1. If you scan the stretch A:61-108, which residues turn out to be more than 9 Å from chain B (Cβ to nearest Cβ), crowded, with 19+ Cβ neighbours inside 10 Å and small (Gly, Ala, Ser)?
2. Among the residues of the stretch A:40-60, write down those that are open to solvent by less than 10 Å² (accessible area, probe 1.4 Å), within 12 Å of chain B (Cβ to nearest Cβ) and more than 25 Å from A:LEU73 (Cα to Cα).
3. When the stretch B:249-298 is examined, which residues are found to be charged (D, E, K, R) and part of a loop (DSSP other than H, G, I, E, B)?
4. For the subset of the stretch C:24-77 comprising residues that are charged (D, E, K, R) and under 25 Å from A:ASP128 (Cβ atoms), which member is surrounded by the most Cβ atoms within 10 Å (Cβ to Cβ)?
5. Got at least one residue in the stretch B:164-186 being under 30 Å from A:MET79 (Cα atoms), in contact with a helix residue (DSSP H, G or I) (Cβ under 9 Å, 6 or more places away or on another chain) and among the aromatic types (Phe, Trp, Tyr)?
6. Which condition number does B:PRO102 fail, the rest of (1) in contact (Cβ under 8 Å) with a residue 12 or more places away in the chain; (2) away from chain A (no Cβ under 11 Å); (3) open to solvent by 20 Å² or more (accessible area, probe 1.4 Å); (4) not β-branched (Val, Ile, Thr) being met?
7. Collect the residues in the stretch B:310-350 that are in a helix (DSSP H, G or I), open to solvent by 100 Å² or more (accessible area, probe 1.4 Å) and more than 16 Å from B:ILE209 (Cβ to Cβ), keeping them in residue-number order.
8. Among the residues of the stretch B:233-248, is any surrounded by fewer than 20 Cβ atoms within 10 Å (Cβ to Cβ) and of a type in the set (D, E, K, R)?
Amino acid sequence: MTITITQILFWILSVAALFSALMVITSKNPVHSVLWLIATFFSISGHYILLSAQFLAVVNIIVYAGAIMVLFLFVIMLMNLNRETEPQKNRWIKMAGAIAGGCLLLVLVASLKNVESASTIEDVKGGDVGFIKRLGKELFSTYVVPFEISSILFLSAMVGAVVIGKKE
Amino acid sequence: MHLLVIDWWLILEKSLLIFGIIGLSFFIAMYTTYAERKVAAWLQDRRGPNRAGPFGIFQPLADGGKLFFKEEIIPLASNKPLFILGPALAMITALLTSTVIPWATPFITKGGDVIAMQVADVDMGILLVFSIVSVGVYGIMIGGWASNNKFSLMAAIRGASQMVSYELPMGLALIAVLFMTGSLKMSEIVGNQIENGWHIIYQPLGFIIFFVCALAECNRTPFDLPEAENELNFGYHQEYSSMKLGFYLFAEYINMFISSAVMATLYFGGYDIPFVNEASWGLNSFWMTVISFSVLMAKISFFLFVFLWIRWTIPRFRYDQLMNLGWKKLIPLALLNMIITAAVILLLKK
Amino acid sequence: MPITHYIILSLALFSIGIVGVLTRRNAIIIFMCIELMLNAVNLLLVAFSKMHNYAAIKAAADQKLPITEAILNTGSEGQIFVFFIMVVAAAEVTVGLAIIVMMYRNIHSVDVNFLNRLKH
């Protein structure tokens, strides 16, 4: 059995993603949570690159790490939230939440573990479906109407945020 | 049984290139600090640093030595891990941007192997530069917040909102260039300019917008509000001392160097030599690589000089003026530029 | 990598997001956990898109059919869907954070348990 670089990277990135996702929900300090979530997004971007979905990898970093998380960080820093102001739930609710989540994971994995594993995605170099040329052509021919509608969604979200955030 | 199947030769070649570029970035950043003081002195009719070595050329080494031996202070109330992470992130993001820039024509060995003078010619090219620039905000924000000082925090928020705002017109100006090349690959952007002439001829407005945004992204005057030391009580690195402060300052100079390289590559033909057809000279590929590399370095030095020149020419903007310029002037201008470029390209195609 | 690896990875990420929503009281952290769940789904969609693409090309090659553009494009819907998820997530975050900021202004806290005024 040979171990390829892809496999090693897959395991490293998976461990990094899971560890930083766990740190997101266990950190007491909200700023730490934000930074761990950014780390999660970077490891998910790494997975996209392994799957040779380069466009989504870069867009994931630009949109999530570069824009959305900056917004979160801004809000947390301006509200001056830190360890002391962080609301705590009692131990039993935490435990119940963890057990519920664990059960969900168990059920989902049990139901999906026997999916037909014949079709592997071993050969990530096979298709260039994640490249910008192919995705761009699809996006601006077949999916051009949803694309335009999403721009209207953005505009309305922007106006909505300004209206909500304004002081009366 | 092969445990690992790796092309060691490729790894050696790429790591040599990476270390070369990092070394070069540090060297240029060091001497940009020297050039900054010399240019300032020249514009103000002074002599500038001239004690360390002939014409003071060892001044950067003396400055670096001073920074290294200063006492390292980490404020008691600061968030220690993040306090250290801030300058590290600033430096990493500054250095990462250089990965996709083509530095010279490919070098062909005697065996016929082609060695590209570029760390990675990825399909995403310029978009990758953008993603790294957008992550560069964190170095400032984390450093400012972790200092646990309200002035640092305010400066960090000023700096971050400035960088986020100026990324938009920068991207819009860039889209017009991408319309013309039809590719995001840096090597193809340079190739297109070698064939059809530099983009500055077709995109003068786009270049001006891009340049203004590059000034703002590097926190240079007239947009250096994040570190306005006189009127705004210094910047996000107020609590930093020793080499951590050095990292922030150094990262800024490396950003200047890399953004000059990006501008030269996008608008000024990259490593292309103007007005001549260098392919007809019949030089061997080693000398071609050397010459094209020095041409690119000459263009970069010119941009670095313009950066320094502007610093001593234009006074600092007020914060509301900065935001007005970014959102109300540059974005509409960049959109207009984009629409005109698209229309002209469509008309010419018919 | 087999597709099952990706399924289990993204299920684990999704469950971590759910545990976060259930156990935390800070509205911003709950919001971040929702983003984490969206990302887990995105990862799975990309993996499935590559799987279908690979399967289509392999099937065409096995049957000695010419590999057309349509076959090379198989699975691109998944990635375009991910793109739209990111777009909608960005819009959602702008409005959601504006609402959280408003809530903080009114009740000076981001604790979701204090947000029970609709009950009375």
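1. The answer is A:GLY97, A:GLY101.
2. Scanning the stretch A:40-60 gives a single hit, A:ALA53.
3. Matches in the stretch B:249-298: B:ASP272 only.
4. For the stretch C:24-77, the residue satisfying everything is C:LYS50.
5. Within the stretch B:164-186 (the criterion being under 30 Å from A:MET79 (Cα atoms), in contact with a helix residue (DSSP H, G or I) (Cβ under 9 Å, 6 or more places away or on another chain) and among the aromatic types (Phe, Trp, Tyr)), the answer is yes, since at least one residue qualifies.
6. Going through the list (1) in contact (Cβ under 8 Å) with a residue 12 or more places away in the chain; (2) away from chain A (no Cβ under 11 Å); (3) open to solvent by 20 Å² or more (accessible area, probe 1.4 Å); (4) not β-branched (Val, Ile, Thr), B:PRO102 breaks only (3).
7. Within the stretch B:310-350, B:LEU346, B:LEU347, B:LEU348, B:LYS349 qualify.
8. No, the stretch B:233-248 has no match at all.
The values are calculated or read from the model by the stated rules, or taken from the named source; none is laboratory data. Note that this is a predicted model, so its numbers are computed, not measured. So basically every Cβ, Gly included, is an ideal-geometry build from the backbone, and we count neighbours across all protein chains shown. We work out accessible area using only protein heavy atoms, side chains counted, and drop any ligands, DNA or RNA first. Shrake-Rupley method; radii C 1.70, N 1.55, O 1.52, S 1.80 Å.
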